[in-house]
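Asker: Pasting a structure below so you can have a look.
Read-outs: derived from the displayed coordinates by stated rules, not from any lab. Just so we're clear, the structure is a prediction, and the values are computed from it rather than from any experiment. Cβ atoms come from the backbone with ideal geometry, glycine included; neighbour counts cover every protein chain shown.
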Amino acid sequence: MRKRARFIYVLTVAVSLCLVLVFLTGSGLTQGERLVMRAMEHLGKPYVFNTSGPDRFDCSGLILYCAEREGLGQLPHAAKELYNLGRPVQRWQLLPGDMVCFDTVRDKDPSDHVGFYIGGNCFVHASSKQHKVVVSVLTDYYLEKYSGARRLGCAYF
């Protein structure tokens, strides 16, 4: 029951944030907010390694699929390469659409998993553990594995 309650909480936060973004900003969404909205459209789609949509994704595939549709160009399909794009962002400065990076393997690469920060300490990503695109909270496991964040593009304000 605890997992179900956490899932409902995360889903509620994610949907609420998206609704707030839409109603408060109307059609004037920032590029970061649009990246989040694009990623959220794919919630529940299956995780498949080395794929970039539109019906299935791995973590970096979700990032590049959404970024390409927002006009950010063709990005590399590797989390370790995505880690070097854009500009670094401190965790306390995260905005919706910032790419959050994780080192889940603890090797020489600073990142092997990525997602988009959505606000409220949550992020959307294609999870190999849950086998689908999900929203997760930046606590416990993900905070321990957190390796940084990058801001892609420039239209965040």
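Asker: Does residue 153 satisfy being surrounded by 16 or more Cβ atoms within 10 Å (Cβ to Cβ) and part of a loop (DSSP other than H, G, I, E, B)?
Answerer: Answer is yes for this residue.
Asker: Output the number of the condition that residue 126 fails; it satisfies all remaining conditions of (1) of a type in the set (A, V, I, L, M, F, W, C); (2) crowded, with 17+ Cβ neighbours inside 10 Å; (3) within 19 Å of residue 30 (Cβ to Cβ).
Answerer: (3)
Asker: Among the helices (runs of 4 or more DSSP H) confined wholly to segment 27-130, which include 1 or more residues that are farther than 16 Å from residue 150 by Cα and under 15 Å from the mean Cα position of the chain (by Cα)? Before the answer, list the steps.
Answerer: Numbers: elements: 31-40, 59-69, 79-82.
So the answer is 31-40, 59-69.
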